[in-house]
Each structure stands twice: as structure tokens, then as C-alpha cells.
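Here is the structure we will look at, set down as C-alpha cells.
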Amino acid sequence: MAFEGNFYIGYLSKTRGLKGELQLFFEFDDYRELELDVLFLAIDRKLVPFFVTQYKLQSNRTAYLFLEDVDHIDRAQPLVHKQVYLPESKRPERHPDDFRITDLKGFVVRDQLHGELGEIIEIHEYPQQYIAVVPYRFNELMFPLNDEIIRAIDREKQLLEVALPDGLIDVYT
């Protein structure tokens with residue numbers, strides 16, 4: 001199965017026990033709303049379906065699950081670190097006004113002093129804050145996404161206006 005028409009939800013992080021139980025770490029924000037009856041694992045650059053026989057969501061962005069025909073640790077171990085996808089038809093719908101900081105990926109960043117810096121290619125989530133990554137002059141410029149730095153967000157134009165701290169850009173150039 002091809003990757004088009006599917007969306008990434010996370011990866012299998014480890015096994016648990018001897019009966020083939022796996023831990024799924026979610027990188028998808030609305031993981032509690034996902035329907036986990038069939039998962040597609042990225043194996044050899046293809047998506048391979050696996051039927052979920054049982055799962056239990058945890059509070060730390062993980063779930064423990066059993067897959068059909070994976071009934072022993074020896075069958076589960078090769079699946080560890082595989083990326084997990086679901087069909088687009090199973091993507092939970094969000095209200096149009098539900099805008100999250102992670103939705104800034106793909107926005108163009110304009111600094112008040114330095115002008116246009118580039119497009120946000122990644123947003124890293126850390127316990128205390130989110131960090132935006134922008135390619136800038138052959139380097140990756142990284143800065144926190146918080147109320148002190150963000151001046152305006154134009155969702156229509158996909159533009160993020162910021163006031164970066166003095167000297168931050170100099171660190172990366």
C-alpha cells in the first residue's frame with residue numbers, strides 16, 4: 001500500500017512481556033480520538049496492514065496493543081521502531097476554529113527586524129515549550145514559540161510575525 005491517502009500517527013517504541021505486546025508512541029495530537037482497529041506499518045517503504053486485537057490507551061501519549069498473528073516477543077521485536085499510519089478516512093475532524101501551535105508548520109516567518117526568514121519545516125514539542133525550525137542561510141534557525149516572541153499569526157496568508165530576541169539570529173549565522 002502506498003503512503004498517499006494515509007497519515008502518520010506515531011511509531012512502535014518497544015515490546016512488553018513475552019506475548020507480543022507492543023507500545024505505540026503517538027506523535028499525533030488527537031490520538032485519543034483515533035480508531036485503532038487496523039494499523040499500517042511502514043516496512044520496506046510500503047505500508048503493511050496489521051489488525052489490532054486489543055489495545056489500552058495510556059496517559060503519556062502511548063498505548064499498549066496486541067496485533068493479530070503477533071503472539072510472541074520474537075514476532076513483535078522486528079516491528080519495534082516502525083512508523084505507524086492510518087487511512088485519511090480515519091483522521092478525526094477538527095473544528096475550523098481549533099488552531100494549534102503545531103499548525104504553524106508550513107507558515108512563513110517574518111521577523112520585525114530581519115524581515116522574512118523562511119518557512120517553518122518542523123515544530124519540536126518539549127515539556128515546557130514548542131520550538132520552530134526554519135532553514136536560514138544554510139543553517140537551521142530554531143526559536144521558541146511563545147507569547148513573548150509571536151507578534152501576529154495570519155492564518156489566511158500562512159504568515160507568522162515574530163520579534164526574535166537580540167542576537168539569536170547571529171548565533172546561527
| field | the stretch 132-173: trypsin sites (Lys or Arg not before Pro) in DSSP loop, at most 12 other beta carbons within 10 Å | value | 137, 155, 157
| task | From zero up to wherever the largest Cα-Cα distance of the stretch 34-120 sits, split into 5 Å bins and tell me the percent of pairs in each. | result | 3, 10, 15, 18, 15, 11, 10, 8, 6, 3, 2, 1
| task | Enumerate the lysines that residue 56 could reach by cross-link, defined here as Cα to Cα under 27 Å, with residues fewer than 8 away along the same chain left out. | result | 14, 19, 46, 82, 90
| task | Provide, in order from the shortest bin, the percent of all Cα-Cα pairs of the chain in each 10 Å bin, continuing until the bin that contains the maximum pair distance. | result | 9, 31, 26, 21, 11, 2
| field | Accessible area in the full protein assembly, largest first, 1.4 Å probe, for 7, 51, 25 | value | 51, 25, 7
| request: Can you pull the one-decimal nm distance between simple spin-label points at residue 108 and residue 81, each 7 Å off the Cα toward Cβ? | output: 3.9 nm
| List the chymotrypsin sites (Phe, Trp or Tyr not before Pro) in the stretch 81-173 that DSSP assigns to loop (not H, G, I, E or B) and whose Cβ has at most 13 other Cβ atoms within 10 Å. Which are they? | 99, 138
| task | Any chance you could run the full-extension gain for residue 30 through residue 148? It's 0.36 nm times the residue separation minus the Cα-Cα distance, nm to one decimal. | result | 39.8 nm
| said: What figure, in Å² to the nearest 10, do you get for the accessible area of residue 109 with a 1.4 Å probe and non-protein molecules left out? | reply: 0 Å²
| note | For the chain the mean separation of alpha carbon contacts under 8 Å (6+ apart) over residue count, i.e. relative contact order in percent, is 18 percent
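The values are calculated or read from the model by the stated rules, or taken from the named source; none is laboratory data. Note that the coordinates shown come from a computational prediction; the quantities given were computed from them, not determined experimentally. All Cβ positions, glycine included, derive from the backbone under ideal geometry; neighbour counts span all protein chains shown. Surface accessibility is based on the protein's heavy atoms, side chains included, excluding ligands, DNA and RNA. Shrake-Rupley method; radii C 1.70, N 1.55, O 1.52, S 1.80 Å.
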